[in-house]
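The values are calculated or read from the model by the stated rules, or taken from the named source; none is laboratory data. Model, not experiment: these values are computed from the prediction. Quick reminder, even Gly has a Cβ in these numbers, built from the backbone with ideal geometry, and neighbours come from all protein chains shown.
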Amino acid sequence: MRIPYFRVSAFTSNPFSGNPAGVCPLERWLPDDLLQRIAAENNLSETAYFVREKDFFHLRWFTPAVEIDLCGHATLASAFVLFTELSFNESSVRFQTRSGWLSAAREKDLVTLDFPSRPPAACDAPDILIKGLGAEPREVLKSRDYFAVFDSPNDVAALKPDFELLNQVESLGIIVTARDDAFDFVSRFFAPRAGINEDPVTGSAYCTLIPFWAQRLNKTTLNAKQISPRGGEVFCRLEGDRVAIGGRATIYSRGSLEVPEI
């Protein structure tokens, strides 16, 4: 069985930066264990699958290890494939997902995602989180993910986590962030429990980063940089209980996957 496959670099216009996502348009849903095996074989932080259903698309995301509830860069990548490769001529597209209805709109060279806002709340930091990060954050909060705030971008960039310890933290991922001068804020994202030690650019993390920094900086439009080794730029807006997460994308490869017949 042959499945169309695109590898897309999201949150960048350079195929060697941003976050690479696999995108597989499907005519029908395949068994979950096959979807997971394909994602593991692709070995990217996420592989996205979508099936058209009338005027929307049903969208799912898999890391090499698990199916997840929300993924920004692979949603952006899926929308970009629809807009640029699959002759989807509308200016926006709707997705039904495990996190409810999401949408993506094309705005010149940007794709902007409409995602739920997930503000973090103050919490007690587990000792293993601090030990795993190898540095003491100024404060720790939590939404879906632990959220560690540091004093400077240099502090964030200098982190050398112990991923064996972070794998024991009861959370899908750990966001680390700081105020920045060139951008409004910077961040990194660690998710060893999902099979990803450090994610290059993490769209879903901005569901938490945007409301936090919008409140701290008293502004609703922000520019951000994820300072992973690949790096990526994110254009952010807080819109009530939703967030707009914008970024560029580029196709790295087009092809097909050969998988066993079902």
Which numbered condition Ser99 misses (of (1) surrounded by 22 or more Cβ atoms within 10 Å (Cβ to Cβ); (2) among the small types (Gly, Ala, Ser); (3) under 27 Å from Gly240 (Cα atoms)): (1)
Is it the case that Ser228 is on the phi < 0 side of the Ramachandran plot, assigned to a loop (DSSP other than H, G, I, E, B) and at pLDDT 95 or above? yes
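Consider Glu90 carefully, then state whether it is within 15 Å of Leu26 (Cβ to Cβ), surrounded by fewer than 14 Cβ atoms within 10 Å (Cβ to Cβ), not basic (Lys, Arg) and not assigned by TED's automatic domain parsing to the domain that holds Ala194. Quick ask: steps written out before the conclusion?
Numbers: within 15 Å of Leu26 (Cβ to Cβ): no; surrounded by fewer than 14 Cβ atoms within 10 Å (Cβ to Cβ): yes; not basic (Lys, Arg): yes; not assigned by TED's automatic domain parsing to the domain that holds Ala194: yes.
Against the criterion (within 15 Å of Leu26 (Cβ to Cβ), surrounded by fewer than 14 Cβ atoms within 10 Å (Cβ to Cβ), not basic (Lys, Arg) and not assigned by TED's automatic domain parsing to the domain that holds Ala194), Glu90 does not qualify.
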All positions within the range 107-165 that are more than 22 Å from Arg216 (Cα to Cα), surrounded by fewer than 18 Cβ atoms within 10 Å (Cβ to Cβ) and either aromatic (Phe, Trp, Tyr) or in contact (Cβ under 8 Å) with a residue 40 or more places away in the chain (or both): Glu107, Asp109, Leu110, Pro126, Ile128, Phe163
Taking the range 65-76 as the region of interest, how many residues are among the charged types (D, E, K, R) and outside any strand (DSSP E or B)? 1
Among (1) crowded, with 20+ Cβ neighbours inside 10 Å; (2) free of Cβ contacts under 8 Å to residues at least 60 places away in the same chain; (3) more than 16 Å from Lys142 (Cα to Cα), the one test that Gly246 misses: (2)
Being within 10 Å of Leu26 (Cβ to Cβ) and among the charged types (D, E, K, R) is the filter here; which residues of the range 49-69 pass it? Arg52, Arg60
Name the one entry in Ala39, Ala48, Ala79 that is crowded, with 20+ Cβ neighbours inside 10 Å, touching a Gly at 6+ places or on another chain (Cβ under 8 Å), in a helix (DSSP H, G or I) and not assigned by TED's automatic domain parsing to the domain that holds Glu198. Ala39
A careful count of residues in the range 92-111 that are in contact with a helix residue (DSSP H, G or I) (Cβ under 9 Å, 6 or more places away or on another chain), at pLDDT 95 or above and of a type in the set (S, T, N, Q) gives 3
Subset of the range 77-106 [within 12 Å of Asp55 (Cα to Cα) and touching a residue at least 12 places away in the same chain (Cβ under 8 Å)]: Ser92, Val93, Arg94, Phe95, Gln96
Just to be sure I understand, how many residues within the range 174-209 are assigned to a loop (DSSP other than H, G, I, E, B) and crowded, with 24+ Cβ neighbours inside 10 Å? 3
